[in-house]
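This report concerns only the one structure given below.
The values are calculated or read from the model by the stated rules, or taken from the named source; none is laboratory data. Because the structure is predicted, anything quoted here is derived from the model rather than measured. Cβ coordinates were reconstructed from backbone atoms using ideal geometry, including for glycine residues, and neighbour counts include every protein chain displayed. Accessible surface is based on the protein model in full, side chains and every heavy atom, while ligands, DNA and RNA are left aside. Shrake-Rupley method; radii C 1.70, N 1.55, O 1.52, S 1.80 Å.
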Amino acid sequence: MASTSRGDGLSLPKVTCPNHPDACLVEDYRAGDMICPECGLVVGDRVIDVGSEWRTFSNEKALKDPSRVGDAQNPLLNGGDLTTMISKGTGAASFDEFGNSKYQNRRTMSSSDRAMLNAFKEISTMADRINLPRNIVDRTNNLFKQVYEQKSLKGRANDAIASACLYIACRQEGVPRTFKEICAVSRISKKEIGRCFKLILKALETSVDLITTGDFMSRFCSNLGLPKQVQMAATYIARKAVEMDLVPGRSPISVAAAAIYMASQASAEKKTQKEIGDIAGVADVTIRQSYRLIYPRAAELFPPDFKFDTPVEKLPQL
């Protein structure tokens, strides 16, 4: 017979094999038995299977899921999303003599939960469009919940708040995106996202790190299909230009775009201003303005080991 050992206090009894008390028992859910792997003794029976009641076959997944389990609990919602919705009946037994439904929902989803759920779906959709990982989606959801519960941005559209929260989450997680990239996956203007961004930082009393040219360099160069040597040269050029104070008042994105243009023109993989502008989200004239600031010191900006395909003196002067 199986032996049980009771710990201190009110801990539940532990089922062990009398011959091998240290053995890790194997549970056979089909038979409902607990078996000792050393001697094969059935030391416990009638084990409760906590899995799904029905099985789901691969050819049925697209049509229906007969598993009798709900969605995972959502801690961001007030009720934990543990609500029960009773659908409308279709038979005669579902209505009384006056035509009213006999079975009604005792608790429906509140308007605040419904608004947050819609915002979470919008955040997830935007993140999928620009391939953002799950941790950024979770941080964005938490930021939106804090802002929504504080009611500090009343009068602002929830989509605008969600877009601003996504922008903040990207910067806090060290993978910043530009306002134009967020605008491209949302239905909100850049100006409105910028306003909500400032209001959220003030309401939550939080801050974000300043963006630098290096935050965008690898992504821009990868999207342009530039080799590693050009990416490293562009990163070096942008960093030196900032250190030498050649681009005062210019945004890091425009400086990064100008550095990429200079590095690509000096290599065999040349890219036009329009190609770089489309990826970086800046206008051609913006790239030219930043490029003109760094061009006079171009010879001092390239890394010493850079292999020139086009000499510095033959670079475009614009």
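Would you check if ARG171 is of a type outside the set (Gly, Ala, Ser), closer than 11 Å to ILE136 by Cβ and not in a helix (DSSP H, G or I)? If you could, list the steps in order and put the result at the bottom.
Working: of a type outside the set (Gly, Ala, Ser): yes; closer than 11 Å to ILE136 by Cβ: yes; not in a helix (DSSP H, G or I): no.
It is false that ARG171 is of a type outside the set (Gly, Ala, Ser), closer than 11 Å to ILE136 by Cβ and not in a helix (DSSP H, G or I).
Would you pick out the residues in region 129-165 that are open to solvent by 60 Å² or more (accessible area, probe 1.4 Å), farther than 17 Å from GLU205 by Cα and within 12 Å of the chain's Cα centre (by Cα)?
Those that are open to solvent by 60 Å² or more (accessible area, probe 1.4 Å), farther than 17 Å from GLU205 by Cα and within 12 Å of the chain's Cα centre (by Cα): ARG129, ASN131, PRO133, ARG134, ASN135, ASP138.
Output the residues belonging to region 175-192 that are open to solvent by 50 Å² or more (accessible area, probe 1.4 Å), in a loop (DSSP other than H, G, I, E, B) and of a type in the set (Gly, Ala, Ser).
Keep residues of region 175-192 that are open to solvent by 50 Å² or more (accessible area, probe 1.4 Å), which gives 175, 180, 184, 187, 189-191.
Those still in the list that are in a loop (DSSP other than H, G, I, E, B) too: 175, 187, 189.
Once the filter is applied, which keeps residues that are open to solvent by 50 Å² or more (accessible area, probe 1.4 Å), in a loop (DSSP other than H, G, I, E, B) and of a type in the set (Gly, Ala, Ser), region 175-192 yields only SER189.
Among the residues that make up region 271-281, is at least one of them under 29 Å from the mean Cα position of the chain (by Cα), small (Gly, Ala, Ser) and either outside any helix (DSSP H, G or I) or within 16 Å of LEU301 (Cβ to Cβ) (or both)?
Yes - at least one qualifying residue is present in region 271-281.
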